[in-house]
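The values are calculated or read from the model by the stated rules, or taken from the named source; none is laboratory data. Computed from a prediction, not measured in an experiment: that's the story for all the values here. All Cβ positions, even for glycine, are placed from backbone atoms using ideal geometry, and neighbour counts span all protein chains on display. For accessibility, only protein heavy atoms count, side chains too; no ligands or nucleic acids. Shrake-Rupley method; radii C 1.70, N 1.55, O 1.52, S 1.80 Å.
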Amino acid sequence: MASDSGVGIHDLSFATTEFVLPHTALAEHNGTEIGKYHVGIGQQSMSVPGADEDIVTMGAAAAEPIVSRHGTDRIRTVVFATESSIDQAKSAGVYVHSLLGLPSATRVVELKQACYGATAALQFAIGLVHRDPAQRVLVIASDVSKYDLDSPGEATQGAAAVAMLVGADPALVRIEGPSGLFTADVMDFWRPNYRDTALVDGQESITAYLQAVEGTWKDYVEQGGRSLDGFDAFCYHQPFTKMAYKAHRHLLNYCGYVTDEARIARAIGQTTAYNRVVGNSYTASVYLALAALLDQADDLTDRSIGFVSYGSGSVGEFFAGTVVPGYREHLRTEAHREAIDRRQPVDYVGYRRLHQRSLPADGGDHPIPAQTTGPFRLAALRGHKRIYERCYR
Ligand code: HMG
């Protein structure tokens, strides 16, 4: 059994891409009134991966500071959650395991259920730590969100990775039961194996998300969860930040409260700062919301956070966390700001070129142009194998 101090998130770190496209550039290209992006969907800019960046390079960059701080000894499991997988067989986590020099006595696996995957990974990690509280689990959520050019989804693209160290006596957030669960077989958003970009029914996806919010909350209450008033803030999955506002308004109405915009802003406001400038990072999004909240709020000691994780298709989960005393000493606020600020703006033409790029599939030897200034890069494709390298600067 785990100790009295429970199990949860002991450390959290995120990484994003080399480039950033401001929504003003997209609006200028497609003639959209900028208010639709800045206010209507609540997005300012989107992270754009360089040619030599992918879910592995971002995942390794997010996890490296955690491994440097805590060492590798107690990590016996790595769970890599993604829906922009690079291989049908090999887990992206195995590449990260190698890049970070983790011990061979480690289990590594990849999980998928759209944007929900990282929450499944977190819950599985908690179960493993309960079985052996001496162990820690490295959970990595890493995704590149890509829609067709000139489609309505294009404005909601993005990319980022979040790494979390899950353990007993966590330094940041204790995760508590019960969970409210919801699954429904819907085709709101999906990506067949032969496609590089996602397919989506935009309005249907918003309805499906709101249904999942209702469904998870209903189950959470039935499982004996706390009342809505028992939460100080809510971290929602944020495909675009306005969605968190829609979802929280929906939850308040469902619970019989009159819609109070100031109350919604208090509950959500500090969770949107990173997602607003990064865009949809799929599995990482809800934990990017947590990072923004922890990094910005004055003092959350002993405060309760409600987490609403949603993955199209669809699976949702509502669960609670409590912020641990002393958490602020363990935050990575500066590094997170640096990850966002270091991105180089790309113009619309440059973004389009990167978007249209696809990796050669002929099995030849293809070096990849060096673009990232991050710690890891995809150096080549050789005999159908991805060759990664650490960048020493
Ligand atoms: P759209 O048709 O381009 O936009 O699609 P719209 O016409 O619905 O306008 C969007 C909002 O902007 C509206 O506000 C407009 O009124 C407002 P709302 O009515 O929603 O409150 N607006 C303006 N506001 C201020 N000034 C203006 C202005 N003009 C319009 N001048 C849509 C938008 C989100 C559907 C599209 O971008 C899309 O398809 N995105 C991808 C799908 C998506 O993100 N779905 C979210 C729920 S599903 C989910 O979260 C799962 C997901 O992450 C995948 C996974 O799980 O793996 C996607």
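The C-beta contact set for region 135-156 (first residue within 27 Å of G8 (Cα to Cα) and open to solvent by 30 Å² or more (accessible area, probe 1.4 Å), second residue within 11 Å of the ligand (Cβ to nearest atom) and assigned to a loop (DSSP other than H, G, I, E, B), distance under 7 angstrom, 6+ apart or interchain) comprises V144/S84.
Residues of region 347-393 that are in contact with an Asp or Glu (Cβ under 7 Å, 6 or more places away or on another chain), free of Cβ contacts under 8 Å to residues at least 60 places away in the same chain and under 17 Å from V48 (Cα atoms): none at all. So, S227, is that one among the small types (G, A, S), free of Cβ contacts under 8 Å to residues at least 40 places away in the same chain and out of contact with any Lys or Arg (no Cβ under 7 Å at 6 or more places or on another chain) or not? Spelling it out, S227 is indeed among the small types (G, A, S), free of Cβ contacts under 8 Å to residues at least 40 places away in the same chain and out of contact with any Lys or Arg (no Cβ under 7 Å at 6 or more places or on another chain). Looking only at residues of region 59-96 that are in a helix (DSSP H, G or I) and open to solvent by 30 Å² or more (accessible area, probe 1.4 Å), we find that the one that is farthest from V137 (Cα to Cα) is Y95.
Apart from one condition, Y257 fits all of (1) outside any helix (DSSP H, G or I); (2) modelled with pLDDT of 95 or more; (3) not β-branched (V, I, T); the exception is (2). Answer yes or no as to whether V7 is touching a helix residue (DSSP H, G or I) at 6+ places or on another chain (Cβ under 6 Å), away from the ligand (no atom under 14 Å from the Cβ) and either in contact (Cβ under 8 Å) with a residue 12 or more places away in the chain or under 24 Å from A161 (Cβ atoms) (or both). Criteria met by V7.
Checking each residue in region 306-324 for being over 17 Å from the mean Cα position of the chain (by Cα) and of a type in the set (A, V, I, L, M) picks out A320, V323, V324.
When D4, D11 are checked against the criterion of being at pLDDT 95 or above, surrounded by fewer than 24 Cβ atoms within 10 Å (Cβ to Cβ) and outside any helix (DSSP H, G or I), a single residue qualifies: D11. When restricted to residues that are under 24 Å from the mean Cα position of the chain (by Cα) and among the small types (G, A, S), region 325-384 contains 4. Test L251 against the criterion of being more than 16 Å from the ligand (Cβ to nearest atom), modelled with pLDDT of 95 or more and in contact with a helix residue (DSSP H, G or I) (Cβ under 9 Å, 6 or more places away or on another chain), and give yes or no. So L251 fails the test. Among the residues of region 225-246, the one identified as open to solvent by less than 60 Å² (accessible area, probe 1.4 Å) and out of contact with any helix residue (DSSP H, G or I) (no Cβ under 9 Å at 6 or more places or on another chain) is G230.
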